[in-house]
């Protein structure tokens, strides 16, 4: 495996764990009734600890992998002088220092008491996820334009992460027997989801115009081809979310069991599509945007 392939795998694991932690626990913290949220947090706690471990570990190994990609392969990935040069002399290295700080804060969330886990996990993983905007293609711009591009990138990753990460606890909530709490959590997810989806689409369009200046129509470019596939997958996820919201959620509020089953199926499909989106982002994020 080349350092480039290892870096893509590292980014996929890092992005997936950070999104799960941010979206899932922000949803449980802010949108789910306390008793129901406590039950779901308890179920997710082993996964939470594993995801935190993965997020911290992938943060630490990212710098050597970046050194290998920037340099001449695995030899430079293990060369302390090359790693030091990347750390102090590149934008990637400076951003990595902030990511390590966010990862250490996230690590502290492992030992939080049960009632504080959703809030602490959401805040610290949100900081880690937002820091990814510092190493993306937004770094290609400077000054006010660069600042606005980075802020837009932060909005994009946090809104997308809030949407996708919340889907896993939502599937667990829809299996709970307390119909009244289920409906309330579902309606709150649906309401917040409108905002998240709108922000994802708007910030995604702005990012595309910032990076390419036009829609990704050149399929001979690997970057544009994968970006176009990503846009298609996000469009499919949006369509599923709208069907759930305007067809099945109203039926679920009237205690129709088949509606909840349909929402669960649609949510699982959204999760699968979302994982494919994360895989694509982890890949084309390493390519030249041409």
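The values are calculated or read from the model by the stated rules, or taken from the named source; none is laboratory data. Owing to the predicted nature of the structure, the values given are computational and were not obtained by experimental measurement. Because the Cβ atoms are built from the backbone with ideal geometry, glycine has one as well, and the counts that use them run over all protein chains shown.
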Original post:
In the stretch 236-244, is there at least one residue being assigned to a helix (DSSP H, G or I), buried (at least 19 other Cβ atoms within 10 Å of the Cβ) and modelled with pLDDT under 85?
Top reply: yes
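Per-residue answers, yes or no, for (1) farther than 22 Å from residue 158 by Cα; (2) touching a helix residue (DSSP H, G or I) at 6+ places or on another chain (Cβ under 8 Å); (3) surrounded by fewer than 20 Cβ atoms within 10 Å (Cβ to Cβ):
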| site | (1), (2), (3) |
| --- | --- |
| 16 | no, yes, no |
| 43 | yes, yes, yes |
| 59 | no, yes, no |
| 66 | yes, yes, no |
| 80 | yes, no, yes |
| 103 | no, yes, no |
| 113 | yes, no, yes |
**OP:** Determine whether residue 170 is part of a helix (DSSP H, G or I), closer than 26 Å to residue 264 by Cα and modelled with pLDDT of 90 or more.
**Re:** yes
Subject >> residue 19 at pLDDT 95 or above, under 26 Å from residue 288 (Cβ atoms) and out of contact with any strand residue (DSSP E or B) (no Cβ under 6 Å at 6 or more places or on another chain) >> reply: yes
Original post:
Given the residues 6, 37, which is the only one that is under 30 Å from residue 72 (Cβ atoms), more than 16 Å from the chain's Cα centre (by Cα) and modelled with pLDDT under 95?
Top reply: 6
**OP:** Tell me, yes or no, whether the stretch 20-29 has at least one residue that is touching a helix residue (DSSP H, G or I) at 6+ places or on another chain (Cβ under 9 Å) and in a loop (DSSP other than H, G, I, E, B).
**Re:** no
Subject >> Output for the stretch 245-272, where each listed residue is in contact (Cβ under 8 Å) with a residue 40 or more places away in the chain and part of a helix (DSSP H, G or I) >> reply: 245, 249, 252, 260, 263, 264, 267, 268, 270, 271
**OP:** Could you check residue 233 against (1) in a helix (DSSP H, G or I); (2) over 25 Å from residue 171 (Cβ atoms) and say which number it fails?
**Re:** (2)
Original post:
Of all residues in the stretch 178-205, how many are farther than 17 Å from residue 238 by Cβ and part of a helix (DSSP H, G or I)?
Top reply: 10
Original post:
Which of (1) closer than 16 Å to residue 161 by Cβ; (2) assigned to a loop (DSSP other than H, G, I, E, B) is the odd one out, the single condition residue 218 does not satisfy?
Top reply: (1)
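So if I check each of 132, 170, which one is within 22 Å of residue 278 (Cβ to Cβ) and under 14 Å from the mean Cα position of the chain (by Cα)? Let's see the steps before the verdict.
Working: 170 fails: under 14 Å from the mean Cα position of the chain (by Cα).
On inspection, the qualifying residue turns out to be 132.
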Subject >> Pair list, Cβ < 9 Å and 6+ apart or interchain, from the stretch 63-83 residues that are on the phi > 0 side of the Ramachandran plot to residues that are modelled with pLDDT under 90 >> reply: 73/2; 73/3
Original post:
Can you find a residue in the stretch 135-147 that is over 13 Å from the mean Cα position of the chain (by Cα), part of a helix (DSSP H, G or I), under 30 Å from residue 283 (Cβ atoms) and at pLDDT 85 or above?
Top reply: no
Original post:
helices (runs of 4 or more DSSP H) wholly in the stretch 73-129 with at least 2 residues that are under 24 Å from residue 44 (Cα atoms) and out of contact with any strand residue (DSSP E or B) (no Cβ under 6 Å at 6 or more places or on another chain) - which ones?
Top reply: 91-108
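Could you say whether any residue in the stretch 213-222 is without any contact (Cβ under 8 Å) to a residue 60 or more places away in the chain, crowded, with 18+ Cβ neighbours inside 10 Å and over 14 Å from residue 267 (Cβ atoms)?
yes
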